[in-house]
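The values are calculated or read from the model by the stated rules, or taken from the named source; none is laboratory data. Every value quoted in this text rests on a predicted model; they were computed, and no experiment measured them. Neighbour counts run over all protein chains shown; Cβ positions are idealised from the backbone, glycine included.
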């Protein structure tokens, strides 16, 4: 399936008609439909937060109803693009960062300035200011507000670090990190590994960024040139992929099984105590804390290179906007504004365990942020402000994480050199994105 959005429309139109056509009806004057990967009937912290926010909105707006239609996260945005063409799109849409540029170019999102931003009092825009806000601003229009702000870093077991005499604050170089991973790797009497020091996830299905990405970002600043061409097979890329794959082939702190692990597999392995450190998303820390105990899940930034204390982590999240084809656009805009407002932001943080979206929120919740169990939010916030990277939206970057994971598989499973594997990934990226 080609990645250019116009082609996506054609390829997915049939799917949208079959899946959505039968069940899609015109929204009533007081009902808006929303697509998100979260299920407000679920038990995960973010799901509970969303349910509470919807309840608060409906209470403040008698007669209004928000109907959530949960979707598979990595299929949701292409499905929305197709649904827009079919006239069956939801009123409110959560768009994945990788496809935000395509979605804006397609005309699928309404301008929030006209719906509510232009009516804000002085200072409210400043409270929202930052890289995420800027990413949604294109040609004088504001197309979205970010929710579930995410920072990709490293999970670790504080209890196991203490047992091994490891200080997380000192893991600022990759050699130090590798030595820590070796200390955390445990074997039984027969020499079989019962716990690996470092877990990764190299599946092409629902991939999170792995360590080759922060390494490249630390060395060359970006993964693409100004025209959107991939810059994977560079000296920085070769060094980074070598580092990543040698965790398996040389240092033996990562199991070879990671070539097929998804991010969900990785979290399960961490929860079960089979790996002591993993790559992971800040938005999922609260979920694992609820499962394992708050004292058993820590969060830290990637080690740095060339004397830098940290390598940039990928900043992600979900750009929430209003469908330009919504038949209830004013109510949809009102809900998006509420979901990103002060009352909802405190719910996202306190109930959902998410990084604040507003600069003012932290000051209104001093006890929450003083709790050591919530220190990961400060770590993610520091990473976003000092060592973070948002994928560009001027051109499509869809598929880059999958292709870099495939390159790691090619090295470990297929015996390719890192250079050859990355050259192959570059060619495939250009082909998929029509460059």
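Below, the figures for the structure above:
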{"quantity": "Residues of region 229-246 that turn out to be in contact with a helix residue (DSSP H, G or I) (Cβ under 7 Å, 6 or more places away or on another chain) and assigned to a helix (DSSP H, G or I), as a count", "calculated": "10"}
{"quantity": "Filter result for residue 240 (under 23 Å from residue 422 (Cβ atoms), crowded, with 24+ Cβ neighbours inside 10 Å and free of Cβ contacts under 8 Å to residues at least 40 places away in the same chain)", "calculated": "yes"}
{"quantity": "Selection from region 251-293 of residues that are part of a helix (DSSP H, G or I) and free of Cβ contacts under 8 Å to residues at least 24 places away in the same chain", "calculated": "257, 267, 268, 271, 284, 291, 292"}
{"quantity": "Among (1) touching a strand residue (DSSP E or B) at 6+ places or on another chain (Cβ under 9 Å); (2) touching a residue at least 12 places away in the same chain (Cβ under 8 Å); (3) at negative phi; (4) not in a loop (DSSP other than H, G, I, E, B) - the single one residue 210 does not satisfy", "calculated": "(4)"}
{"quantity": "Residues being under 24 Å from residue 395 (Cβ atoms), in contact with a helix residue (DSSP H, G or I) (Cβ under 7 Å, 6 or more places away or on another chain) and assigned to a loop (DSSP other than H, G, I, E, B) - total across region 101-118", "calculated": "3"}
{"quantity": "Matching strands (runs of 3 or more DSSP E) fully within region 30-100 where at least 2 residues are farther than 18 Å from residue 319 by Cβ and outside the structural domain of residue 205 (by TED's automatic domain parsing)", "calculated": "65-70"}
{"quantity": "Region 134-147: number of residues that are under 20 Å from residue 312 (Cβ atoms) and crowded, with 18+ Cβ neighbours inside 10 Å", "calculated": "2"}
{"quantity": "Those residues of region 299-308 which are touching a residue at least 24 places away in the same chain (Cβ under 8 Å) and more than 18 Å from the chain's Cα centre (by Cα), in sequence order", "calculated": "303, 304, 305, 306, 308"}
{"quantity": "Any hit, region 422-433, residues being at pLDDT 95 or above, farther than 16 Å from residue 224 by Cβ and touching a helix residue (DSSP H, G or I) at 6+ places or on another chain (Cβ under 8 Å)", "calculated": "yes"}
{"quantity": "So residue 217, is it in contact with a strand residue (DSSP E or B) (Cβ under 6 Å, 6 or more places away or on another chain), assigned to a helix (DSSP H, G or I), assigned by TED's automatic domain parsing to the domain that holds residue 251 and at pLDDT 95 or above", "calculated": "yes"}
